[in-house]
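Asker: This is the structure, below, for whatever I ask next.
The values are calculated or read from the model by the stated rules, or taken from the named source; none is laboratory data. Everything numeric in this text was worked out from a predicted model, so none of it was measured. Quick reminder, even Gly has a Cβ in these numbers, built from the backbone with ideal geometry, and neighbours come from all protein chains shown. Accessible surface is based on the protein model in full, side chains and every heavy atom, while ligands, DNA and RNA are left aside. Shrake-Rupley method; radii C 1.70, N 1.55, O 1.52, S 1.80 Å.
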Amino acid sequence: QVQLVESGGGLVQSGGSLRLSCVASRDIFSIGAMGWYRRAPGGPRELVAAISSGGTTKYADFVKGRFTISRDNAKNTVYLQMMNLKPEDTAVYYCNASPTRYDLWGQGTQVTVSS
C-alpha cells in the first residue's frame, strides 16, 4: 500500500513563499497523475494543481501564476512551489492522485498566511 507524506507547510506573511513536498513510499510513476489539494477552515477540499506522469500541468484559477507543481519520479516526490501567498491560501494542503484515491489521503501540511 502506498503512503503519502506531506511536509513544508508553516506560517508565512502575505507575499511570502513556501515549498511543499509530498513523498511517496512507493513508485509514484505507477500512480499516474498526482495533485495537490487544500481544505480551508469550514470549506470543501479543492484541487489546487495537478501533474501527469509526463509532466503536463493544470492549475486552479485562484493559483495560476503563483504556484508551480512539479514531480521527481526518481525521488517519488511531488512538489508545490507557492509564491506571492495570500491570506486566502490558508488551508491544510494534501497530495493525492488525480483523480483522488480514497486510500492515499495523508495528514496534510498546514499553511497559514498572515496579513
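Asker: Every residue in the stretch 45-54 that is exposed (fewer than 15 other Cβ atoms within 10 Å of the Cβ) and at pLDDT 95 or above, please.
Answerer: Hits for the stretch 45-54 are Glu46, Ser52.
Asker: Another question, if that's okay. Answer yes or no: is there a residue in the stretch 9-24 that is closer than 18 Å to Leu80 by Cβ, of a type outside the set (A, V, I, L, M), open to solvent by 80 Å² or more (accessible area, probe 1.4 Å) and at pLDDT 95 or above.
Answerer: There is at least one residue in the stretch 9-24 that is closer than 18 Å to Leu80 by Cβ, of a type outside the set (A, V, I, L, M), open to solvent by 80 Å² or more (accessible area, probe 1.4 Å) and at pLDDT 95 or above.
Asker: Given the residues Thr90, Thr109, which is the only one that is hydroxyl-bearing (Ser, Thr, Tyr) and open to solvent by less than 20 Å² (accessible area, probe 1.4 Å)?
Answerer: Only one candidate qualifies: Thr109.
Asker: Let me ask you something else. Go through the stretch 63-87 residue by residue and tally those that are open to solvent by 20 Å² or more (accessible area, probe 1.4 Å) and among the aliphatic types (A, V, I, L, M).
Answerer: 2
Asker: Related question: Could you please tell me which pairs satisfy a Cβ distance under 6 Å, a separation of 6+ or placement on different chains, a first residue in the stretch 30-42 that is more than 12 Å from Ser98 (Cα to Cα) and surrounded by fewer than 20 Cβ atoms within 10 Å (Cβ to Cβ), and a second residue that is at pLDDT 95 or above and not small (Gly, Ala, Ser)?
Answerer: These pairs meet every condition: Arg39/Arg45; Arg39/Val92.
Asker: Moving on to the next point. Looking only at residues that are of a type outside the set (Asp, Glu) and over 13 Å from the mean Cα position of the chain (by Cα) in the stretch 93-103, which one is surrounded by the fewest Cβ atoms within 10 Å (Cβ to Cβ)?
Answerer: Taking the candidates together, the pick is Tyr102.
Asker: Condition first: without any contact (Cβ under 8 Å) to a residue 12 or more places away in the chain and outside any strand (DSSP E or B). Now tell me which residues in the stretch 47-61 satisfy that.
Answerer: Of everything in the stretch 47-61, those that are without any contact (Cβ under 8 Å) to a residue 12 or more places away in the chain and outside any strand (DSSP E or B) turn out to be Gly54, Thr56, Asp61.
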